[in-house]
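Shown next, in structure tokens, is the structure this report addresses.
The numbers here are math on the coordinates, done by the rules we state, and not lab data. Model, not experiment: these values are computed from the prediction. Note: ideal-geometry Cβ built from the backbone for every residue, glycine included; neighbour counts use all protein chains shown.
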Amino acid sequence: MLTLGVIGCGSMARSHMRNAVALENVRLHGFADAREEAAQGFLDEFGGAYATTDPHRVLRDDAVDAVLIATNHDTHVTFGLAAAEAGKHMLMEKPMSMTVPQCDALVEAVETADVRLMTGFKLRFAPLVQEAKRLAPEPFLLLGHMLCNRWDDALWAVDPVRGGGNILSQGCHTFDLVCYLAGAAPVEVFAVGGNYTHADKTYPDNMAGTIRFANGAAASVIQGDAADTSLVSKFFFEVFADGISVQLHDRLHTAAVSGPQAGDRTALHAPGGQDPEGLHQELAEFAGCLQSGAPWRIGADHHAGRRATLLAHAFFAAIETGKPQDVSA
């Protein structure tokens, strides 16, 4: 059994816990949250050993093998460094951290402590994402699109300090998935955008950008909270390879396959019994690979987590300067 502790008992952690209780190889143990009632609510709902307002109680607990860190984004670096020092593996919700220097500190801490970190990019695990990667393993053109209705100003993720806004908070999903589907390292980005929906904030909130990859592939990315896109859904990704294209839409629940190499596979639907958006499969790989010692097969490691934050800040810099940004480092 993998004994799991939880730091941050909010809505995202609750989704993970619903999957955890369905996994036979995961045992839930300690729950920590600044709100005592939230931690106690998780203990009552999902079972475990204790609830606490002290996250270090979970980190010091010798019974805990790994921790889920699902707190506000600005605290990821604090809890991640503490988890590494305590020798705990971690599943860290996205983004891995708010800034590139914070990500660098986490990378160093994880590698020094010889623990493992999976960044919570669940969309990699979506069954139709995996099918797209199988059908078009070497795409030369890609599109990543994630748009939704304007975020409320009271939402913590909008706050520049706690959340960083849509392009960092959600865009990290888009940037990671495009890189994952491309199967190559990004080397240069450019973007235009601005404060279109949150004019009082210090960061751009909507953008259109491009990524050039080391293998010559190119991607277009559109990210923000300008409005809902009901025709293709919030998540929409396309890959174009030699003789085939795959369009992932309906929040990745449905795909269309086109081109002379498509054969009779023209419309695909997420198979029953799997999470169409990948969250259950993500936790299953996290637990299974920690138990077996195998590397992540699909999951994003700490380097991929750093890369997504790097791309977000490179897009910010491109918007501010009007110049392409080197992301090859």
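The table below lists the values:
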item: Computed lengthening from Tyr50 to Asp153, 0.36 nm per intervening residue step minus Cα-Cα distance; result: 33.6 nm
item: Ratio Rg/Rh, restricted to region 1-153 and using Cα atoms, in which Rh is the Kirkwood radius; result: 1.01
item: 5 angstrom amide H check on Phe121, placed H, neighbours 5+ away; result: Ala300
item: Residue order, fewest to most beta carbons within 10 Å, for Cys289, Cys103; result: Cys289, Cys103
item: Eligible aspartates and glutamates near Lys94 by straight Cα distance, threshold 12 Å, same-chain separation 8 or greater; result: Asp74, Asp176, Asp301
item: Cβ charges +1 (Lys, Arg) and -1 (Asp, Glu), total dipole of the chain, debye; result: 480
item: Using a Förster distance of 25 Å, the FRET efficiency for Ala185-Val232 (Cβ separation, nearest 0.05); result: 0.35
item: Top positive-direction residue, dipole computed over the chain with Cβ charges, set His73, His302, Val187; result: Val187
item: Highest-first arrangement of 27-35, 51-59, where packing means the average Cβ count within 10 Å; result: 27-35, 51-59
item: Least to most buried among Phe316, Phe121 (fewest other Cβ within 10 Å first); result: Phe316, Phe121
item: Cα gyration tensor shape of region 1-86, rounded if a/c is under 1.5, else prolate or oblate by comparing a/b with b/c; result: rounded
item: Calculated [θ] (222 nm, deg cm²/dmol) that DSSP helices of n ≥ 4 give over the chain, each run adding -39,500 (n - 2.57); result: -10000 deg cm²/dmol
item: Viscosity 1.306 mPa s, temperature 10 °C, Stokes-Einstein D of the chain from Kirkwood C-alpha radius, µm²/s; result: 79
item: Folded to 0 to 90 degrees: helix 76-85 orientation relative to the chain principal axis, Cα; result: 50
item: Equivalent ellipsoid semi-axes, region 193-329, via Cα gyration tensor eigenvalues times 5, rooted, Å; result: 29, 22, 18
item: Taking Trp156, Trp151 and counting other C-beta atoms within 10 Å, the order from fewest to most; result: Trp156, Trp151
item: Difference of contour (0.36 nm per residue) and Cα-Cα distance, Ala208 to Glu85; result: 40.4 nm
